[in-house]
1. Taking R0 as 41 Å, what's the FRET efficiency between B:Q173 and A:A237 from their Cβ-Cβ distance, rounded to 0.05?
2. Please tell me the relative contact order of chain C in percent, rounded to the nearest whole number, where contacts are Cα pairs under 8 Å and at least six residues apart.
3. Angle between the Cα long axis of helix C:253-270 and the longest principal axis of chain C, 0 to 90 degrees, nearest 10?
4. Which value in nm describes the separation of the simple spin-label points at B:V82 and B:V282, placed 7 Å from the Cα toward the beta carbon?
5. Along the range A:103-109, what does the Karplus equation 6.51 cos²θ - 1.76 cosθ + 1.60 (θ = phi - 60°) give for ³J(HN,Hα), rounded to whole Hz, x for Gly and Pro?
6. Take the Cα pairs of chain B, get the Kirkwood Rh, then feed it into Stokes-Einstein at 4 °C and 1.567 mPa s and tell me D in µm²/s.
7. Karplus couplings for the range C:48-53 from phi (6.51 cos²θ - 1.76 cosθ + 1.60, θ = phi - 60°), rounded to Hz, Gly and Pro as x?
8. Report Rg (one decimal) and Dmax (nearest whole number) for the range B:93-149, counting Cα atoms only, units Å.
Amino acid sequence: MNAAMSAETVLAATGITKRFGGLVALAEVDLSVGDGEFVALIGPNGAGKSTLLNVLTGLSAPTSGHIVLDGRDVTRLPTHRRIRAGLGRTFQHGRLFPRLSVVENIMVGAANRTGRSESALRRHALAQLGRMGLEHMADQPISALSYGNRRMVELTRVLAGEPRVLLLDEPAAGLNLGEVEDLMARLRAIRAEDRVAVVLIEHNMGMVMRLAERVVVLNFGRRIAEGTPAEVQADPAVLAAYLGEGAAHAGH
Amino acid sequence: MADLIQLLTNGLALGSVYALAAIGFVIVYSATGVVNFAAGQFVMLGTFAGVATLVNAGWPLPVGYAGALALMALFGLLFYAVVYLPLSKSPVVTIIIGTVAIGITLQNAALLTFGSWPFRLVSPVEGMMLEVAGAVIPLHAVAVVVATALLIGLLWLLLNRTALGIAMRAVAQDARTARLMGLRVNALLAFTWVLAALLAGIAGLMLGPMWFADVNMGDPIALKAFAATIIGGFGSLPGAIAGGLFVGLAEVLGASYVSSAYKDLIAFGAMILFLLVRPQGVFGERIQDRG
Amino acid sequence: MRSVLVLAALLLAGLALSFVVSEYTLRLLNMAVIAAVAVVGLNFAFGYAGLISLGHSAFVGLGAYGLAILTTKAGWSPWLAAIPAVAGTGLAAAALGYPLLRLKGHYLALATLGLNVSFGIVAANWIELTGGTNGIAQIPGLTLAGHRIEGERTFLWFGLAVLAVLGLAALAIHASRLGRAMMAVRDDETAAAMTGIDVTGVSVAAFVLSALYAAVAGCLFAVHVHFVSPDDFNVAHAITFLSMLIVGGEGSVAGAIVGAALLTFLPEWLRVLGEGYLAFFGLMMLAILVFLPTGIVGLARRWRRPVRPAASAPGGARPGVQP
């Protein structure tokens, strides 16, 4: 619980509350991520997972609470400054820049690492694409890519910014089985090479259980459980959240 | 005091014309999403429809007014078919340029038909004056304000108390759902354009005796209607009315008390100030940033 | 590389024309080149960053009036006067940009339109400084190494040289970090911020760049016509600049130049239709917008590559973001 206090925490959100008018989307949520740690964030639809990502990345201001990235309070910083401070995020359905080619998209992602010349930037982007096995599409327009490849290009773009914490919003949604396996292998490889911490929102439980070191469960904007995948799977509160109140009562 | 009453009446009369132009602009925007930069030319055409029936054809007043409005209704239908339908799926900026382009066509078509010499449109109450607290006020100005108030009342009844108006509002809010509910969306959109053309036509007929009928009058009216819309709140009918009256009063009072050269700077300054400080205007809904 | 060649071809075509056409056509070519400088600038704001500006001719006017006032009232040489005229316009754009560019779409369009109208009112009424509606006359022309840049042909050579430099600069910016950031902002502001792009900063940069080019166009106008008045910079001109960019093909330097040339000459060609030519011009514009939504450059591109590369996997049929 007090991992947020430990020295190697890279991202710590404490007491995050977000209200939209009368609706409480997040209530006093804590989330801490250790350096290089793989955390999964799960919960039923509408639990507040995406809202939490929006608050963490500065797309939406929390009603109360604090966010510390790498020892620095970023609660009031605009999105782009948080990204430059080491945050990276993908979107639920992938958002690329359709007027730029694949390699240019990656170059945009790499540009916040300042001081690289134009040619170094391009080399870096091509190397990132090569690592993901996408170098042959470098000069293609985005419109020529399959959905699965678009999502991989988006992931590459985030990684090109060399984040310390990577926030992934349902990266496997809409991918076929082979693509999901490929994605999981890439994520493992990335962690081994980059020592980047990952916060993964995902509905694919198989993927969560195989990748995550720690799982945080949200329901109705509250954190209802936290632990290893095995612990969370066995938690009655989590079962109740996923199966509905009726099942919980039946269990008693 | 007498001066002030006179100025207020003239300001309100001019403001009524701006308000009608702004209402036509807003109705079209809410229903179709089109930012109609030809809105000023609609009013100009209204004035010249009056010139055609009353001056050129020499019809008697009621017949002439009816004829002018019939021409405007026809024009609204034509605009729907020739301009709106082809442009309806285009990005905002293309629609802006497209309506500007057609505005150029309308202005020059009017120039070809009527020439550049200004006409004088006679008011039904031409030359009649009213004396209030020592101030002499042209009856036409009072009639314009009263007619506008009546018209706004009728418009409110149409939009809130008739099946036609409620269907129009349904289309404005969500055309797809309205279509699924079995509403004849295209007919309703066409009617929206007709209604906007009629309102502009009435504004033009009322403006004719106040200004000279000049084929170049469209652009200044459009600019004032835009300012009125922003100040009142983009997409809001009460906002268009309040904004129109404000712009009219600012123009007349500003010319008299501040400077006739800078009178228009008040309206546009207020418009820019509103855009920067309160872009939703006085009556507009909050612009939400929630995704 | 291809875009540099296209730019060179366009400029060489202008140069070749300068030897064969009449004095009247030379004058129109000069107008087209000056408009092209302004429209290449507008392309930063609208074509790259997606900012709908109907205030562009106010920036042209600021540059022109700056040069006119400094040369006629303070007796500066036009070369020297152009520096503060252009820099001042850039500063004005930066100061206006920060509050203004929080607005989007038609709000920004109407705000910039209001600015342009306000500029016109001030220019027409601040008589001591601007000469009011009478404008400022007798603006001196340019001299280069003892030679006066006078006469339509000589001026056209000079204008083409300026356009070449600014066109190349625009292409360099297009291919730079800033250019990509501007296009990313137009495509998707949220995703752009999520790659570390300062969306407001990049938008203001695009707006300032567009104003700088506009001011250069204004200076060219002043030293070419030797006269400025408020009507030269009204809203109609701002709308014309935007029309030029859309007809030529937004997002492309070549498109900006082609559009500027076409819409300068089209009304003249239509004069053969007689008095109603502007009415026809409006209809023709509407037809171009409806049938050529990507402009002339878009048409050329489609002609060169008739079939788009097909999606490489079945997943490509999924609803994705399309340009």
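1. Details: r = 41 Å, r/R0 = 1.01.
Once rounded, the FRET efficiency stands at 0.50.
2. Values: 485 pairs, mean separation 103.9, N = 323.
After rounding, I find 32 percent.
3. Result, in degrees: 60.
4. 3.7 nm
5. 5, 5, 4, 5, 5, 4, x
6. Once the numbers are plugged in, D ends up at 67 µm²/s.
7. Using θ = phi - 60°, the values come out as 8, 8, x, 8, 7, 10 Hz.
8. Both quantities, over Cα of the range B:93-149: 18.4, 53 Å.
A short reminder: the numbers here are calculations on the coordinates, not readings from a lab. Being a predicted model, the structure only gives us computed values, none of them experimental. So basically every Cβ, Gly included, is an ideal-geometry build from the backbone, and we count neighbours across all protein chains shown.
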